[in-house]
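Student: Let me give you the structure first, and then I'll get to my questions.
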Amino acid sequence: MTGGRLDLPQGTLDLLILKALSLEPMHGWGISERLHAVSRETLEIPQGSLYPALHRLERKGWVEARWGTSENNRRARFYELTAAGRKQLARETEQWERLTGAVRLVLEMG
Amino acid sequence: MLSELWSEVRYRARALFRRGEMERELDAELRHHLEREAEKYEREGVPPEEARRRARRAFGRVSRAKEAARAARGTAFLESVVRDVRVAARRWRSRPAFAALVVAILALGIGATSGIFSLVDGILLRPLPYPRPDRLVRLRQAYPAIGLDTWALSDQNVAMYRDEVRGLASFAAWGRRGMTLERDGRPRRLEVARVTGDFFRVLGVDPALGRAFGRSEDTPGQPARVAVLSSGLWKSEFGGRASVVGSTIDLDGRPTRVLGVMPPGFAYPGPETQAWVPLGLDPTDRYGWYLTGVGRLAPGATLDEVRRDSRAAMWRWTKTMPGLFHGVKPADAGITTLVTPVRDAITGDAKRPLEVLQAAVLLILLIAVADIALLFANRAARRGREMAMQRALGATGGRIARQLLTESLVLALAGGGLGIVLAFGLVHVATHTAAVSLPRLSDVGVSWRVVAFTFATSVAAGLGFGLAPVATLLRRRPTASLAGAGRDEAGAATRRLNGALIATQLALAAVLLISAGLALRSFRNLTGTRLGFEPEGVSMVALPLPAARYDDDTSVVRTTSEIARRVRAVPGVSEAAISWRLPFGGNYNTDGYVVEGRPPPSGTGVETQTAQLAVGPGYFRTLGIPLLYGRDFDGRDRPGAAPVTIVDRALASRYWKGADALGQRIQLTGDTTTWFTIVGVVGSVRDESPAVAPMPHAYFPFALAPTRRAMLTVRTEGKPGPVLAAVRRAVSAVEPGIPLDDVRPLTDWVGRSLDTQRIIELLLGAFALLAALLASVGIYGVMSLYVTDRRREFGVRLAIGAEPRGLVRMVLGQGMTLAAVGVGAGLVGALLASRWLGSLLYGVSPTDPLTYGALAAALLAVAAGSAWLPARRAARSDPMAALRTD
């Protein structure tokens, strides 16, 4: 219907969340907005699946959560990348690039 | 990697234990998201209602997001378990009677089992606290032809085994002795083991403090004045001070140097041993059989080899003593050595009773498990409809099964936990009751092995009880149960299984009841046995005289006679006497004897054994032993007078009638020069245990055979307390060096020989009653199930005019048929079991018809009672109500 919008490939949500958080700590809604905006409204982030993903990352110790005050003075749960999370981001970024590079090579074939 | 793992653990722990907090956080977080999303739309000019709707649409289903977030916590399984347990707990709270019954049955079954197994583990199974305990053997001898089933070792025997048996890497011997420890003018009686120089080397245990003594201190006939203390004595008497080692103590009036202190738990020859001193083994001493050998097998040597070699050594030795053995052929006379693993020697008498108790508790556990299976089957039948409903509403079979399993596991674990508490109680009572004199009690505790066993049992039981009804339920079609038809469908197979369980339970209960009944009758016989003396009102005082000041017979006789004289004068004392020992006092001397003018039986050269002891005037009166013919010892029997003896009826009646024994003469094999003239005949006494027939006794005047370790026997009138205080003062006035901490009534001593038996019979009786109770619960359960299943049928029968009494008869008949089958099988089982009880029985036939008949009848009566309650319920079925239940 919206034509230009894309569903996220399996497993990339974690990578996008880690990337978004690498810039600054953010709350869930902020992450959702940021990804939407930065992808020039191309990526459709399923908002409902954002939170299970955040909790999974928290469990693995890649992000840390704490309660803080949001930009419009409301209590919100902020997520922040940990050192382990930063390493994980680097790892996943590298894997993503290898994957897309390989896919591109195949597509450009003959 | 590790930090990741740690993070997982921390997170999940929080998720599990602070679940409420995390849920609130999740709610707040999602609310925040939805509000911000809605505000975004509002800013675009969307009205608030519509903005909120759009926000929710963009988010997707909130409940699914929450579920997914919870799943992401990784605790879903655990949480559902917690939920199941909560549901189960709620269910049991609403049915407290059933839950309590199941928990109680399990707790009793598991508690009794764990308690008894802990005892068995500590006493029979756990290795002795010595290195390579399986290589340790105890050595004694036997000479059955003259009535010596066990025959102690003489000094020369010990040296012989030590030097001649190759299979023994090391060999030592010990004898017990009471000694007096005097500190600050206060004498105290000690249980001392006199041991040969190799003793500590054989056992392989070093003192915890200081050093032990060795062969160099064990000089023949003149042992060094040194001692090794037990840990217990060191703590109680010397305050656990290390400086005691190397100091000098006063032992039997002689300065003795303390060499070392043994570690706690070192309890050989027995837990009562408080100190060890060198014996002074004299290999030239051929007579005086008072020692027990203990040896360590050489590497590679077998028990059989050692048995063979030590017997050969013994036989060679008899040839060096022609005076004693009169050309006896050792093989014909049955002379042999008895080599027993030390563990068997220590646990010896306790083994069979413990095995019997173990078997009893296993039967109880079986009955209990059958009970619970029946109770759960009963419940499952009643819950059939409820579960059919759950299934119809979409619960999977697995989900229902899990809930059922959780329910039974909750009860099983509760029962198991309570059972462990009971086991601790049982073990505490067994180890802390003075009356229990089982061996190795210090090694007994509830062990982790038993706890593991208990938990495994309860978990297995829980799974089993949970699964049985699940299987039947899942087989049924839900619609059938909902339609009501399912209720009557308990099924012939289930009913047959229930019947078999009941019959088995009753059979097991019958075996236990009858075994316990036989054992209890034996015990009554034992306590009712006439001992031949009157222990009531008699107290005994050990009178060890300090060796240093009493080195000749005259002084011993003078002092002991004076003590007896003064004690007799104490108000409240009706009689008092001196003797070597007292009945039930253990260690009696025995000897072969020859009767003048009667050739001894061929082969042995002597008559069988007679117990011999020296007693002072008044001994028989004090103990209440009747003087049948002749006279008591008196002032005439002094050194230099003609040797005389008083024999008991057990000896006299072998050769003479009544008073004919007087004036006859006998000789003891230890002293072939003296003939003793019989001047009196007294009644026989049972001396070892009420179960052992009286042994012949020959008494000699104490004045002619005095000992520094005499006993004073006092018969008092009225309350013994104040009288005994005066007796103590009288004794101390004559000889202050005598320790008086061990004055006690003779009944104590006599009773003690039966204490272990009493406890075991008490436990067995309690277990038997428990078994009967549990079996009656089983019958009640099955008959209730039967009545519930057929309520409709009963209702219809009553509606069409059946007599209620007829229904009662029918239900009772059903129950009693099962009971009769079970009890019948139990009678056969009991016949087999009673043969195995063997040595536990005394004065009662293993097939005693009275015991069998009475207990079988009692069990049938109990069964009838338990079947009657449901039967009455059947008869009172309201026809309308029964029909309406659909």
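Each reported figure results from applying straightforward, stated rules to the coordinates on display, with no laboratory input. Just so we're clear, the structure is a prediction, and the values are computed from it rather than from any experiment. Methodologically, a virtual Cβ is constructed for each residue, glycine included, from the backbone with ideal geometry; neighbour enumeration extends over all protein chains shown.
Student: Charges only on Cβ, +1 for Lys and Arg, -1 for Asp and Glu: so what's the dipole of region B:135-346 about the Cα centre, in debye to the nearest 20?
Tutor: 160 debye
Student: Another one. Could you work out, residue by residue across B:30-39, how many beta carbons of other chains sit within 10 Å of that residue's beta carbon, and then give the average as an integer? Don't skip to the answer; put the middle values down first.
Tutor: Numbers: counts 6, 0, 8, 12, 2, 3, 11, 4, 0, 2.
For peptide B:30-39, the averaged partner shielding equals 5.
Student: To continue, here is another question. Taking 0.36 nm per residue of separation and subtracting the Cα-Cα distance, what length does fully extending B:Ser63 through B:Val692 add?
Tutor: That works out to 218.1 nm of additional length.
Student: In sequence order, what are the phi-derived ³J(HN,Hα) couplings for region B:35-45 according to the Karplus relation 6.51 cos²θ - 1.76 cosθ + 1.60 with θ = phi - 60°, rounded to whole Hz, with x for glycine and proline?
Tutor: Here the 3J(HN,Hα) series is 5, 5, 5, 5, 4, 4, 5, 4, 4, 7, x Hz.
Student: In debye, nearest 20, what is the charge dipole magnitude of region A:36-110 about its Cα centre with +1 on Lys and Arg Cβ and -1 on Asp and Glu Cβ, if you could check?
Tutor: The calculation lands at about 360 debye.
Student: Once label points are set 7 Å from the Cα along Cα→Cβ at both B:Arg636 and B:Asp741, what is their separation, rounded to one decimal in nm?
Tutor: According to this spin-label approximation, the distance is 4.5 nm.
Student: Taking amide H atoms as placed 1.01 Å from N in the peptide plane, list the residues 5 or more away in sequence, or in a different chain, whose amide H sits under 5 Å from that of B:Gly624.
Tutor: Amide H neighbours of B:Gly624, under 5 Å, 5+ apart: B:Glu534.
Student: Arranged from highest to lowest average of other beta-carbon atoms within 10 Å per residue, in what order do the peptides B:723-734, B:42-53, B:101-112 appear?
Tutor: B:101-112, B:723-734, B:42-53
Student: State, to one decimal in nm, how far the label point of A:Leu99 lies from the label point of B:Asp660, with both points 7 Å from Cα in the Cβ direction.
Tutor: 11.7 nm
Student: I need the P(r) histogram for the protein assembly as shown: all alpha carbon pairs, bin width 10 Å from 0 out to the longest distance, whole percents.
Tutor: Distribution as computed: 2, 8, 12, 14, 13, 11, 10, 10, 8, 5, 3, 2, 1, 0 percent.
Student: Still on this structure: Please compute, for peptide B:806-816, the average count of beta-carbon atoms on other protein chains lying within 10 Å of each residue's beta-carbon. List each step's numbers first, then the result.
Tutor: Values: counts 0, 0, 0, 0, 0, 0, 0, 0, 0, 0, 0.
Counting other chains' Cβ atoms within 10 Å and averaging over B:806-816 gives 0.
Student: By counting other Cβ atoms within 10 Å of each Cβ, how are B:His428, A:His55 ranked from fewest to most?
Tutor: B:His428, A:His55
Student: Can you compute 3J(HN,Hα) from phi for each residue in region B:130-143, using the Karplus curve 6.51 cos²θ - 1.76 cosθ + 1.60 with θ = phi - 60°, rounded to whole Hz and x for Gly and Pro?
Tutor: So the Karplus estimates, Gly and Pro as x, are 10, x, 6, x, 5, 8, 8, 10, 9, 10, 9, 10, 9, 9 Hz.
Student: Express in nm, to one decimal, how much length is gained between B:Arg621 and B:Ala733 on full extension, taking 0.36 nm for each residue of separation and deducting their alpha carbon distance. Walk me through the numbers on the way to the answer.
Tutor: Details: separation 112, 0.36 × 112 = 40.32 nm, distance 2.50 nm.
Result: 37.8 nm gained on full extension.
Student: Identify the trypsin sites (Lys or Arg not before Pro) of region B:92-187 meeting these criteria: DSSP loop state and at most 12 other C-beta atoms within 10 Å of the C-beta.
Tutor: Answer by residue number: B:Arg166.
Student: Another question, then. By per-residue mean of other Cβ atoms within 10 Å, what is the highest-first order of B:509-520, B:305-316, B:762-773?
Tutor: Order by mean packing, descending: B:509-520, B:762-773, B:305-316.
Student: Out of the GluC sites (Glu not before Pro) in region A:26-84, which ones are loop residues according to DSSP with at most 16 other C-beta atoms within 10 Å?
Tutor: A:Glu41, A:Glu71
Student: Taking amide H positions as placed 1.01 Å from N in the peptide plane, with prolines and chain starts having none, which residues 5 or more places from B:Trp675, or on another chain, fall under 5 Å of its amide H?
Tutor: none
Student: Averaged across A:80-87, how many Cβ atoms of other chains sit within 10 Å of each residue's Cβ atom?
Tutor: 1
Student: Amide H neighbours of B:Ala169 under 5 Å, at least 5 residues apart or on other chains, H built in the peptide plane: list them.
Tutor: Here B:Arg296, B:Leu297, B:Ala298 satisfy the definition.
Student: Additional query: Over the protein assembly as shown, how many pairs of lysines fall under 23 Å by alpha carbon, counting only those 8 or more apart in sequence or from different chains?
Tutor: So the count of such lysine pairs works out to 6.
Student: Is region A:1-107 rounded, prolate or oblate when judged by the Cα gyration tensor, a ≥ b ≥ c being the square roots of its eigenvalues, rounded requiring a/c under 1.5 and prolate requiring a/b larger than b/c?
Tutor: Because a/c hits 1.5 or more and a/b fails to exceed b/c, region A:1-107 counts as oblate.
Student: Got a sec to turn the phi values of region B:617-634 into Karplus ³J(HN,Hα) couplings, 6.51 cos²θ - 1.76 cosθ + 1.60 with θ = phi - 60°, whole Hz, x for Gly and Pro?
Tutor: Once rounded to whole Hz, the list reads x, x, 4, 5, 5, 4, 8, x, 8, x, 8, 7, 9, x, 10, 7, 5, 8.
Student: Right, next: With the Cα gyration tensor of region B:735-842 giving a ≥ b ≥ c as the square roots of its eigenvalues, does the rule (a/c under 1.5 for rounded; else a/b larger than b/c for prolate; else oblate) give rounded, prolate or oblate?
Tutor: prolate
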